[in-house]
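For reference, the structure discussed in these notes is given below.
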Amino acid sequence: MPFLPHTRAEEETMLKTIGVSSVDELFGDIPRELCLDRPLQLPLGLSEKEAWEEVERLAQKNKHTGQYLCFRGAGAYEHYQPKAVKHLLARSEFYTAYTPYQPEISQGTLQAIFEYQTSICELTGMGVANASHYDGATALAEAALMAVEATGRSKIAVSSLVHPEYRETLKTYLFRRGVEIIELPYQEGLTAVDELAGVLTNDVAAVIIQSPNFWGSIEDLAQFAELIHQQGGLLIACCDPLALGVLASPGELGADIAVGEGQSLGLPLSFGGPYLGFMACQEKYVRRLPGRIVGKTVDRLGREGFVLTLQAREQHIRREKAGSNICSNQSLCALAAAIYLALLGPQGLEEVGRQCWQKSHYAKELLAELPGVSLPFAAPFFQEFVVQTAEAPALINQRLWEAGILGGLDLGRYYPELENYLLLCVTEMRTKEEIEQLVEVWGGVSGGKTHF
Amino acid sequence: MVEKLIFEKSVSGRRGHYLPPLDVPACSVQEAIPAKLRRKKTPVLPQLTEVEVVRHYTRLSSLNYGVDTGFYPLGSCTMKYNPKINEDVANLAGFSQIHPDQPAESVQGALELMVKLQQYLAEIAGMDAFTLQPAAGAHGELTGLLLIRAYHAAQGEQQRDKVLIPDSAHGTNPATASLAGCQIIQIPSNGQGEVDLVALKRVVGKDTAALMLTNPNTLGLFETQIAEIAAIVHEAGGLLYYDGANMNAIMGYARPGDMGFDVVHFNLHKTFSTPHGGGGPGSGPVGVKRKLEPFLPKPVIIYDRQKQRYRFDGERPQSIGRVKAFYGNFGVLVKAFTYILMLGGKGLKEASEKAVLNANYLLKLLSQDYEQPFAGLCKHEFIVTPPKTKEGGIRTLDVAKRLLDYGFHPPTVYFPLIVAEALMIEPTETENKSTLDAFAAVMARIAQEAEENPEILHQAPHQTPLSRLDETQAARRPVLRWKAD
């Protein structure tokens, strides 16, 4: 059997030492009527070669971004992953370790997380960051619970332009806690700030704004910060860390908690996971921040080192009084983000952001020239933008897909009132030629290059 | 610290990665972004060449201890060997480079893998349906309790909000119950380390939502009265939740579904070896009996027999909703699927058999020098406590730190909470007899050192890059990030 070392002779010796005559005796404590009286109905067990071929067969049934041109984002983004990221993640001292409970032999993971926390604080303009959360959606949901606890209030206001799946997750998390969710309407591609006054009362724990929002537009976070702070509530900003090389940080704009999806920092699309939820907050809320946190300390001889700290917040110490139940998080994904940021540096990150900005704006201009395509919103956007079409989105996307292009997301799926609106994404990955190909196929000028 | 911080190695102007030149007409970002939305202060990120970054993280990795480094008997964490093929399958372009929002026709392989994994896990658990959405064990627990609450609510029993949890439970159980808006009632263990039935009967009632149980429990003991426990809870109208952290003990021998559990979660990063990643990503799929299926998180992934294709099903009016964006930690699912393919039903059973064999063998060896609070055989893990000494006794922390000097990862310490000075040891099935013998010999030697030279234990570790770290100072004066001087 693969991965099992026991020889027959060793097994005999071990059983003798234990003082039993057979392995079955070791399972004698399981009541007979509860024992499974048949073999598990599973595959028979394959050699590595056979398993590889079977799994590869399944992989080959999928179309991947090496085979089509991706113009879709909506919470999962195709960016370039420098080769060094994958190579360093493949160091098995990182990936075969457990949570760093024994700091003396875990300084590698601990220091990497400390450095990750520093980079997240720098990007978000926040005082402290945790070691990671499951993904952007769950980080957002737990930030809302954190705000509820911190303010002792029972309502959360969330923009309707926060990622729909994040809002669904938020609802799942808050429902049984009796927290009321107020959804804020949109206007001109942005969260309708004018309609806030009546909604943001002094029983609202926090307002949640995503920027760039789900439609790609950049929200004026400062305005929301001011309004909610007047009522004594908190601003939770949900953002794409990759955009923060060019966009003002949530901290600068007055946010109290910053969360978001860190997949854009060097993690593959991987069909939606594993991704990286990041979570940072103003220093005064540190003892309410959920999840692992690494801190600096000294050893017995006064040398500096790192440990998991402020554990009195956590489930294994506080049990039912803990602010969260999180234990395993996305440590290796946080490591990937830290390596990505170290490779790019501030100039590299700014350049990626600038290229996403410029390429998406180039695509927008070309598309707007097509007959039947218009731009419904004037708000500044980062790498995603909405176009309105005369033709049904399904037909456009069908034509694009047949030409090897994954087109935009039909917003009608999440916003039934929006008929014929497409959300497109153009990252630094797309070349000028590829953008022009999109426009040509869209406009029916060309059949494109790739055919599946 | 042993290695300078990456920020301290940074030199302004260096860079580790370059982009292709911009090939579209440049519009000025300065002009395009309104001033108030623009970043003014450049973030302080490291500035290094690729080789410097690679060396930094390679050196950091060398300060770590993983399963590939050596024996890792961390109780309840199932630190078994992680097959290398797992890393490669998850990196296949057909899995790692697919967008979660591609047309379903273009991800039939991914969906087939997920549906099959759901079926495999259901067979192993004795359950009817699975969701792969939860990202970790604790996330699975939350999903499970929300499912249970939704089920009760659908029966018109909104009032069921008490969750019964044994005092030996993982900390995530009570924390999860609280996160799900429930109140916790702790159930004491009896003298054999199992659930006290009298105490259980006293607290079950019309307000019982569920009993959360790990079986074998955290003492490594099979709850032999599980059938009675299930009957008591079910008769009171409550449901049974199975914490699958310890599933590695009984695969193919017994199934939570047959024991009466209604909801289970598995930790794929433990039992199915995906690996643990230094603190994740994990994966915590949740399985349920038929009556709870309508409440599973959406979308559900199914095989449409009529159309002969796999697809998402979001039409689930009774669903508890999403528990995360997209469909789960997919890359981790690919690894667990591959692991199950390689072991097969027979191999999984043999893995459990050898995990239990190894644990009992090691327990026997250690019981020469260490106290065994619960007599008898164990399942995949067990508890021992340090022996009494002339000085009055050594502390578990000292044993753990001294083990580091001998090149072993220590067991889980001070858990479960019901045993003072607990050392919780789980050798797993992939360790050979020589390793177990060597570990036992070192443990015996440490017991001897405790008698002869206790100071060497108090001062341990001596051989690691850093000696014992001051956790009190870290918490009292938190330094949680680097700052430029």
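The values are calculated or read from the model by the stated rules, or taken from the named source; none is laboratory data. Just so you know, these numbers come straight off a predicted model, no measurement behind them. Every residue, glycine as well, gets a Cβ built from its backbone with ideal geometry; the counts of neighbours run over all protein chains shown.
At-a-glance table
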item: Residues satisfying the stated conditions in segment A:40-77, i.e. at the interface with another protein chain (Cβ under 7 Å from one of its Cβ atoms), closer than 30 Å to A:E351 by Cα and either out of contact with any His (no Cβ under 7 Å at 6 or more places or on another chain) or assigned to a loop (DSSP other than H, G, I, E, B) (or both); result: A:K63, A:H64, A:T65, A:G66, A:R72, A:A74, A:G75, A:A76
item: Qualifying residue in segment B:168-181 (condition: surrounded by fewer than 21 Cβ atoms within 10 Å (Cβ to Cβ), among the hydrophobic types (A, V, I, L, M, F, W, C) and touching a residue at least 40 places away in the same chain (Cβ under 8 Å)); result: no
item: B:A110 being surrounded by fewer than 18 Cβ atoms within 10 Å (Cβ to Cβ) and at the interface with chain A (Cβ under 7 Å from one of its Cβ atoms); result: no
item: Complete set of residues in segment B:431-485 that are within 23 Å of A:R292 (Cα to Cα), surrounded by 20 or more Cβ atoms within 10 Å (Cβ to Cβ) and of a type in the set (A, V, I, L, M); result: B:L466, B:L469, B:A474, B:L480
item: Subset of segment B:281-321 (residues that are buried (at least 24 other Cβ atoms within 10 Å of the Cβ), away from every other protein chain (no Cβ under 12 Å) and either touching a Gly at 6+ places or on another chain (Cβ under 6 Å) or among the aromatic types (F, W, Y) (or both)); result: B:V286
item: Within segment A:291-309, considering residues that are in contact (Cβ under 8 Å) with a residue 60 or more places away in the chain and assigned to a loop (DSSP other than H, G, I, E, B), the one nearest to the chain's Cα centre (by Cα); result: A:G291
item: Of residues in segment B:31-66 being under 33 Å from the mean Cα position of the chain (by Cα) and of a type in the set (K, R), the one nearest to the other protein chains (Cβ to nearest Cβ); result: B:R59
item: Candidate set: segment B:322-369, residues that are assigned to a loop (DSSP other than H, G, I, E, B) and more than 26 Å from A:N329 (Cα to Cα); chosen: the one farthest from the other protein chains (Cβ to nearest Cβ); result: B:D369
item: Identity of the residue in segment A:153-199, among the small types (G, A, S) and touching a helix residue (DSSP H, G or I) at 6+ places or on another chain (Cβ under 9 Å), that ends up surrounded by the fewest Cβ atoms within 10 Å (Cβ to Cβ); result: A:A197
item: Any chance B:G345 is under 27 Å from A:S270 (Cβ atoms) and of a type in the set (G, A, S); result: no
item: Flag if B:G252 is assigned by TED's automatic domain parsing to the domain that holds B:T214, of a type outside the set (D, E), more than 30 Å from A:R91 (Cα to Cα) and part of a loop (DSSP other than H, G, I, E, B); result: yes
item: Qualifying residue in segment A:81-95 (condition: within 17 Å of the chain's Cα centre (by Cα) and under 25 Å from B:P83 (Cα atoms)); result: yes
item: Lone unmet requirement of (1) farther than 17 Å from B:H139 by Cα; (2) touching a Ser or Thr at 6+ places or on another chain (Cβ under 9 Å); (3) in a helix (DSSP H, G or I) for A:A312; result: (2)
item: Condition broken by A:L370, with the remaining ones in (1) in contact with a helix residue (DSSP H, G or I) (Cβ under 7 Å, 6 or more places away or on another chain); (2) surrounded by fewer than 24 Cβ atoms within 10 Å (Cβ to Cβ); (3) assigned to a helix (DSSP H, G or I) satisfied; result: (3)
item: Odd one out for B:I165 among (1) under 23 Å from B:L377 (Cβ atoms); (2) at pLDDT 95 or above; result: (1)
item: Which numbered condition A:P43 fails, given (1) in contact with a helix residue (DSSP H, G or I) (Cβ under 7 Å, 6 or more places away or on another chain); (2) farther than 20 Å from B:G331 by Cα; (3) surrounded by fewer than 24 Cβ atoms within 10 Å (Cβ to Cβ); (4) at pLDDT 95 or above; result: (4)
item: Sole exception among (1) outside any helix (DSSP H, G or I); (2) more than 7 Å from every other protein chain (Cβ to nearest Cβ); (3) surrounded by fewer than 22 Cβ atoms within 10 Å (Cβ to Cβ) for B:L397, by number; result: (1)
item: Scope segment A:293-324; condition charged (D, E, K, R) and farther than 10 Å from B:A474 by Cα; matching residues; result: A:D299, A:R300, A:R303, A:E304, A:R313, A:E314, A:R318, A:R319, A:E320, A:K321
item: Condition met for B:V384 (within 30 Å of B:S273 (Cβ to Cβ), part of a helix (DSSP H, G or I), in contact with a helix residue (DSSP H, G or I) (Cβ under 8 Å, 6 or more places away or on another chain) and modelled with pLDDT of 95 or more); result: no
item: Residue count for segment A:267-284, restricted to those that are within 22 Å of the chain's Cα centre (by Cα) and more than 7 Å from chain B (Cβ to nearest Cβ); result: 9
item: Qualifying helices (runs of 4 or more DSSP H) (wholly inside segment B:113-227; at least 3 residues being more than 17 Å from B:F261 (Cα to Cα) and not aliphatic (A, V, I, L, M)); result: B:172-179
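Results for (1) of a type in the set (D, E); (2) facing chain B (nearest Cβ under 7 Å); (3) assigned to a strand (DSSP E or B), shown as yes or no for each residue.
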position	(1), (2), (3)
A:Y101	no, no, no
A:T118	no, yes, no
A:E122	yes, yes, no
A:M126	no, no, no
A:T138	no, yes, no
A:V148	no, no, no
A:G198	no, no, no
